[in-house]
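The values are calculated or read from the model by the stated rules, or taken from the named source; none is laboratory data. Just so we're clear, the structure is a prediction, and the values are computed from it rather than from any experiment. Counting neighbours? That spans all protein chains shown, and the Cβs are built from the backbone with ideal geometry, glycine included. Only protein heavy atoms, including side chains, enter the accessible area calculation; ligands, DNA and RNA are left aside. Shrake-Rupley method; radii C 1.70, N 1.55, O 1.52, S 1.80 Å.
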Amino acid sequence: MKWSEDNPKLAKVFWPAVQRLAENDLYIFIPDLFLLAKQQSDTVKLQAALDKLVAEKLLFLARRLQAREEHGEAIKSLDEAAKLDPANKEVLKARDTSQAAAGTKSAEPAKSAKSP
């Protein structure tokens, strides 16, 4: 792709975001990433914008999974989204919802009822 050849630093940031959407079967949103890439010339700003957008699309996916009561899969998407955009309150709220529904609210292992 000519853009990648002309913008190698931006391409290193861009293509992993495309891959992340593709791995989650969110191909329909890949054109949105191309639009972002065309608007940015700074790798740091592009990375931040891509992370935020991909997190939003993973949230979209997670909400669809939640609607189908597939909370384990939703949690995976939401965990990934939270890594990309840790300040996104909607992602955190949706993850809490799925964790509660799946009975996995705490990330720590349950303590045994037996005494040592």
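Per-structure values
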| quantity | calculated |
| --- | --- |
| Residue-span extension gain [A87 to E5] - 0.36 nm each, minus C-alpha spacing | 26.2 nm |
| Estimated distance in nm for a label pair at R68 and F34, the labels positioned 7 Å out from Cα along Cα-to-Cβ | 2.7 nm |
| Accessible-area value, W3, 1.4 Å probe, nucleic acids and ligands omitted, Å² | 60 Å² |
| Residue-level accessible surface for E70, protein heavy atoms, 1.4 Å, Å² | 70 Å² |
| Spatial extent of the chain: Rg and Dmax, with the Cα atoms as the point set, Å | 17.4, 65 |
| Two-decimal Rg/Rh across the range 7-53, once Rg and the Kirkwood Rh are taken from alpha-carbon atoms | 0.94 |
| Residue of D85, D51, D32 that the Gaussian network model of the chain assigns the largest fluctuation, springs spanning Cα pairs under 10 Å | D32 |
| Note, ³J(HN,Hα) from phi for the range 18-35, Karplus 6.51, -1.76, 1.60, rounded to Hz, x at Gly and Pro | 4, 4, 4, 5, 4, 4, 9, 6, 9, 4, 4, 8, 4, x, 4, 5, 4, 4 |
